[in-house]
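Below is one structure, written out as structure tokens, with a few remarks after it.
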Amino acid sequence: MIARAAAIAGAVLLGAALPTSADIVHLRGGGRIECLEAWIDQSMVYYRIAEGTLAFPIASLDRIEKTAVEDAATHAPGLTDPGIQSEIRWEPSLSVTDTPAYTEARAALGRGDLRAVVEALSGTTQRSLSEGMLLGFALIKLQRWGKAVTAVEPFLVDHESDALLNYYLGLCHYHLGHDEHAVRFLRRSLEIEEDPGVRDLLERLQRQSFLVTSGGSSRTSHFMIKYDSPQNARLAQQMLDSLERSFTDQARLFSYSPPDEIQVILTSRHHFYDITRAPEWTGGINDGRIYLPIGGLEEVTEEAERVMRHELVHSFLRMMTKGNLPVWLNEGISMYVTGEELDDYTRVLAARAQENQLVPLAGLDHSFKGYAGAESAELAYGESLVAASYLANLYGFEELNRLLRSLGEGTHFDDALRQRYKMDVIELERNVRAHLLKEAARHPGEGIRIR
Ligand SMILES: [Zn+2]
């Protein structure tokens, strides 16, 4: 996901003096956030600061130190994350099998070693439903959509009314670009059991079904592009050419080439927001598919290229790390690679660093889609860029690639950071803050060059 250039300009101007804080949010691992107000809503912790309202998963919360009486009315209206609720869930089937392969696979799952789960179960041919679903789950987490379909599809014969089985097939076909199959399985899953994540994915597909009838599509060696009207065929081809150029550059930079075809959806601005339910300040979205608003575009502009490069980095990172990386690092690297410069804006970051009010990275590990306003989103983007730039510049990009590769092997971020950079997240936050303050001191009153 990326913020629109126009939204950024607006945001930058708003960075002002810091208000006095009221509540203190204490995070697991020791970070703290001083804010005007903090509250919990379902699985998210929300806190309001001058630039807007931010949120993070309750799993990162230690406690909220309140200094004022809570008043529901002051909550920022309509701040919910309309994105895909649950990427994937897994429930062991009741008929637990205790074959050696299954026992070994469950132990591997407990260690978070998805590859070992696949290895343990790939050897067996006659699999029970539990074994097939566990194998399917592991392959989906490893983003091997085609193999996951092969692993679970045979169970449709005897288990066609299994909601999870149909959901797995729907999700895989979504990422493989097989919309009709995906709709059929997701609809079937919902008939059996209602689930907000499944419903969201189905509706996202249904809201783009017009592309099949009124639009067109085109393919290159790495991309499948769908667009909303034949008039955009030439623009779509130009965007494909631009994407292929970026693909070559990024494959060289990451020393990695994504194995799967990347789906790209081009629509008008109206359809873009309707399909993705993204906040108004968004300029592109990547949920495994890249969604781009092209309303009014005749040629590929510099801004359009910037957005495409940014979203493509997300595809590289998602496949390279199997989705096992914090959101701030995903966004930060995307901005770093596309040469984002937030000179002016970083004045706000430096001011927050001086007040020790940078958002702890744990508070930036969730979809930025939940930010209602561009200002609060830009704070999150800005800090993500500073942290990612700091890592990329510390020992060079190849060392960052090594970190990404170990995330792809299933290593937890904290462990990978310790192994590669000999520091933990708290130390990283401290170093990023020190880096910002040093830059602020070197350029008093001026914008700060991140790199
Ligand atoms: Zn992004």
If D415, D62 are ordered by their accessible area, calculated over protein heavy atoms with a 1.4 Å probe, which sequence runs from highest to lowest?
D62, D415
Accessible area of segment 196-337 belonging to carbon and sulfur atoms, whole % at 1.4 Å probe:
51 percent
Can you give me the accessible area per residue for segment 213-311, using a 1.4 Å probe, in Å²?
42 Å²
Expressed per residue, the solvent accessible area of segment 100-210 in Å² (1.4 Å probe) is about 43 Å²
What length, rounded to one decimal in nm, is gained on full extension from I58 through to Q206, with 0.36 nm per residue of separation minus their alpha-carbon distance?
50.1 nm
Give a quick list of GluC sites (Glu not before Pro) in segment 108-207 that DSSP marks as loop, anything other than H, G, I, E or B, with at most 12 other Cβ atoms within 10 Å.
E160, E194
Under the 0.36 nm per residue contour assumption, what length would be gained going from the current alpha-carbon distance of E180 and E341 to full extension?
53.8 nm
Cα-Cα over 29 Å: which of K322/K438; K226/K322; K322/K422?
K322/K438
How far is it, in nm, from the label point at A441 to the one at D158 when both lie 7 Å from their Cα along the line to the Cβ?
7.0 nm
Exposure of I24 as accessible area (Å², to 10), given a probe of 1.4 Å and all protein chains
30 Å²
Once the convex hull of the alpha carbons of segment 136-280 is built, what does its volume come to per residue, in cubic angstrom?
130 Å³
Residue-span extension gain [R269 to I192] - 0.36 nm each, minus C-alpha spacing:
24.3 nm
How many times 2.2 N^0.38 Å is the alpha carbon radius of gyration of segment 221-376?
1.09
What is the list of residues in segment 254-283 whose amide nitrogen lies under 18 Å from a point 7 angstrom out from the Cα of R199, following Cα to Cβ?
275-278
Lys/Arg Cβ at +1, Asp/Glu Cβ at -1, dipole of segment 213-311 taken about the Cα centre: which of S218, S229, Y291 is farthest positive-ward?
S218
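The values are calculated or read from the model by the stated rules, or taken from the named source; none is laboratory data. The structure presented is a predicted model; accordingly, all values stated were derived computationally and were not measured. Neighbour counts are summed over all protein chains in view; Cβ atoms, including those assigned to glycine, are modelled from backbone coordinates with ideal geometry. Ligands, DNA and RNA are stripped out before the accessible areas are found, and what is left, the full protein with its side chains, is counted by its heavy atoms. Shrake-Rupley method; radii C 1.70, N 1.55, O 1.52, S 1.80 Å.
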